[in-house]
Structures are given as structure tokens and as C-alpha cells.
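**Q** Here's a structure for you.
Derivation of every value follows stated rules applied to the coordinates shown; laboratory data play no part. Please read these numbers as outputs of a predicted model, since none were measured by experiment. Neighbour counts run over all protein chains shown; Cβ positions are idealised from the backbone, glycine included.
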Amino acid sequence: SVTVTHENDILVILMFSKILILTGLAAAGLLLYIVNSITPSEAGASGIFAVFILGYVVLLSLITFFIWFVLMLVRKLGEGSDISRRVAGLTLVKTYYYSSVFSLGVVILVSLQSIGTVGFREYLLVTLLVLLGCLYVTKRTT
């Protein structure tokens, strides 16, 4: 049996955050290259698909670290408060799971906008999808 210590938790967080940062930066670099050097007609369907995938990875990294930093700020500012105790259980991995759901919602909205069919109904359906995804993450991680 493996003993989990506080040092192991810190190492996992550091390695996970490094991987997330590196993949986010690599995806951002590739996305900038594709957007600035290739037209959509040259790229074709696979190039447009790559733009959406790379956009998802960049958003995933950004949203994960945004949520993580906000949670760290709430923990520091509200030490001992009820809200600080509630967010104490959210780890970097859990914020990554929630961020993956939020990022997917944004990419779906952008893809719908690119074909020109975003209205109230589409916003409502994507919002319901994101809420169901968050509910699923909550149930699976508790």
C-alpha cells in the first residue's frame, strides 16, 4: 500500500500544473501559427477541426488556472469562514474536470456561431449541457 503524504500531493499538483501549462502553451503556439499562416479554404475540414481542438486545449488551461487562482484567493481571504471550508475540497484535478466541461461549452458555442445558428434556444441547450456536465463531475468526484 502506498502512503500518501502532503509532499506527494504537492508533487502531483506541481507536475500536473506543469503538464497543463506546457500543453496550453504548445496549443496556443500551434493555434497562432495556424490562424496566421493558413486560410480556412487551404486548411480544409481537418484544419478547422484542429483549430477547434487547439482552442479547447487553450481554454481548458486558461479556465483551469483561473478557477484555481480564484479558489486560492478565496481560501486566503476567507480563512476560517464557511465559504473557505466549502472550497477547501476542490483540488486542481477537480478544477480541471470542471474546466473541461466549461471549455467544451465555449467551443460548442463558437462552432455554432461559425455556422450562424446561435439563438436563445442554442444558448439554453449548451447551458443545460454544461450544467449536466458539472453535475456529473460533482457526482463522480465525491
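**Q** Express the relative contact order of the chain as a whole percentage, based on alpha carbon pairs under 8 Å and six or more residues apart in sequence. Show your work: numbers first, answer last.
**A** On the way: 77 pairs, mean separation 29.8, N = 142.
Here the relative contact order equals 21 percent.
**Q** OK, next. What per residue convex hull volume, in Å³, comes out for segment 20-75 when only alpha-carbon positions are used? Before the final figure, lay out the partial values.
**A** Values: hull volume 3.5 nm³, N = 56.
Per-residue hull volume (Cα only) is 63 Å³.
**Q** Per residue of the chain, what 222 nm ellipticity follows from adding -39500 (n - 2.57) for every DSSP H run with n ≥ 4, rounded to the nearest 500?
**A** On the way: 5 runs with 121 residues, N = 142.
Value at 222 nm, helices only, nearest 500: -30000 deg cm²/dmol.
**Q** Still on this structure, I have one more. Tell me the net charge near F69. Cut-off is 14 Å between Cβ atoms, F69 excluded, with +1 for each Lys or Arg and -1 for each Asp or Glu.
**A** On the way: positive: R75, K76; negative: none.
The answer is +2.
**Q** Sorting D9, D82 on the 10 Å Cβ count, fewest up front, what's the list? Walk me through the intermediate numbers first.
**A** Values: D9 12, D82 7.
Ascending number of Cβ neighbours within 10 Å: D82, D9.
**Q** Now for a separate question. For segment 51-106, go through all pairs of different Cα atoms, get the mean of 1/r, take its inverse, and jot down that Kirkwood value in Å.
**A** Radius from the Kirkwood sum: 11.8 Å.
**Q** Name the residue, out of L25, L125, L109, whose mean-square fluctuation peaks in a Gaussian network model built on the chain with Cα pairs under 10 Å.
**A** L125
**Q** At q = 0.09, 0.10 Å⁻¹, what log₁₀ I(q)/I(0) does the chain have when each alpha carbon counts as one equal point scatterer in the Debye sum?
**A** Taken in order of the listed q values, log10 I(q)/I(0) reads -0.37, -0.46.
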